[in-house]
1. Once you charge only the Cβ atoms, +1 for Lys and Arg and -1 for Asp and Glu, what is the size of the charge dipole of region 182-334 about its Cα centre, to the nearest 20 debye?
2. With the cut-off at 1.5 for a/c, could you classify the chain from its C-alpha gyration tensor as rounded, prolate or oblate?
3. Take every Cα pair under 8 Å in region 15-319 that's 6+ residues apart, average their separations, divide by the length, and report that relative contact order as a whole percent.
4. Would you mind ranking PHE115, PHE265, PHE87 so that the residue whose beta carbon has the fewest other beta carbons within 10 Å leads the list?
5. Which links in LYS117/LYS212; LYS78/LYS108; LYS108/LYS212; LYS144/LYS246; LYS117/LYS246; LYS108/LYS241 stretch past 25 Å when you go from one Cα to the other?
6. Can you give the charge dipole size of the chain about its Cα centre, rounded to the nearest 20 debye, using +1 on the beta carbon of Lys and Arg and -1 on the beta carbon of Asp and Glu?
7. Order 231-244, 196-209 from most to least packed using the mean count of other Cβ atoms within 10 Å.
Amino acid sequence: MEDGLTGSHQDVSNKDSESSIQVPEHILDMIPGCAQVYLEGNRARLLAGIPPDQHQNILEQSTHNQIETPERRELHRKILQSVPMNFMGEKSDRPIMVYISGPMAVGKTTLCQQFDKRIVQESERRTIRPYGEDALENVYQLYKQADGYRMQPDVTVCKQMLPEFESSGKNFTLIRVEAAALGHAVTAWAKELGANIILEQMGDADMRPWAKKQAEDYSLVVIGVTANPVVNAQRLQERCKETGQKVTGEELAKTIIGYSQLGAFFGMSQHATHAVLLASDYDYRLVYRCDNGKGQTVISRLAGDFVSYADREVSDLVATFPLEEEAIASPRVK
């Protein structure tokens, strides 16, 4: 599973909530330990694609080495205090975790932005036409229910607020450990407050253990997003041109293949109160749904395509991508 959100939503934070709910000291205390645990458990992934002779240099430059300084602690306080939150709704006995998952650039953030925009429009008492697809309307209502009393861990924001974000050439490797630790701290804080959580992340090859653990404390709502790999690659190419981000076709292929494995979305959905798989290249049509462990395939062709991606070789999948090498190049470490 990824470290945190892969995209940023509209900030609908309540300023009164931000000023009245201060970051507890014990939450700040846990950040160095979270960083160490992350480093020990994710060293291989952290250094993936970087030449072995540069590994030591990267680890020495990583910002986690500064994490216990007083100055850094105050920076962490500022970052966590800026986390989007909304405590104007009613707190439920059992909080909701909405987990939006799928490959990079598949359309997760676009879907969330649509939902966020509609929530604002409804708060302004505008006349809103429900989504034509009943399943999408149901997904929106679940998302909206979680939005009422929630915190929104956003590791992307955490990364951008670290001073090394720009000076490192946006090389996330140098700040990834610290950003991941901040994300874990926000999640722990939200749990203490009994807040709902909205997470947007890339999936992994086997999310069942994570989903099972989360379902112990939350009503887990899983929103999976998929698309034809060629469409997915086109979207990633457009994003890279706009942001300057550098992602290889191989990285995208591995993400698609891993997320499409049966142990990923389908296995995770067995532990969810509600789980849906949507096809973003078909206006987010419902492909598969699972309620309280009982699954139902809605569009068999699209579901079959989703599963078949896991059987593809990385090189074969990359060959179908309309990517220009100069537009999406391998990341380089100075």
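1. Working: 16 positive and 20 negative charges, 62 e Å.
So the dipole magnitude of region 182-334 works out to roughly 300 debye.
2. Details: a/c = 1.62, a/b = 1.05, b/c = 1.54.
Oblate is the answer for the chain, as a/c is 1.5 or above yet b/c matches or exceeds a/b.
3. Numbers: 453 pairs, mean separation 67.6, N = 305.
22 percent.
4. Values: PHE115 23, PHE265 27, PHE87 19.
Lowest count first: PHE87, PHE115, PHE265.
5. On the way: LYS117/LYS212 31 Å; LYS78/LYS108 27 Å; LYS108/LYS212 22 Å; LYS144/LYS246 33 Å; LYS117/LYS246 29 Å; LYS108/LYS241 19 Å.
Flagged as over cut-off: LYS117/LYS212; LYS78/LYS108; LYS144/LYS246; LYS117/LYS246.
6. Values: 36 positive and 46 negative charges, 92 e Å.
Rounded to the nearest 20 debye, it is 440 debye.
7. Details: 231-244: 16.6, 196-209: 20.8.
Listed from highest to lowest mean packing, they are 196-209, 231-244.
Since every read-out is calculated from the coordinates, none of them should be taken as a lab result. Please read all numbers here as calculations on a predicted model, not as lab measurements. Every residue, glycine as well, gets a Cβ built from its backbone with ideal geometry; the counts of neighbours run over all protein chains shown.
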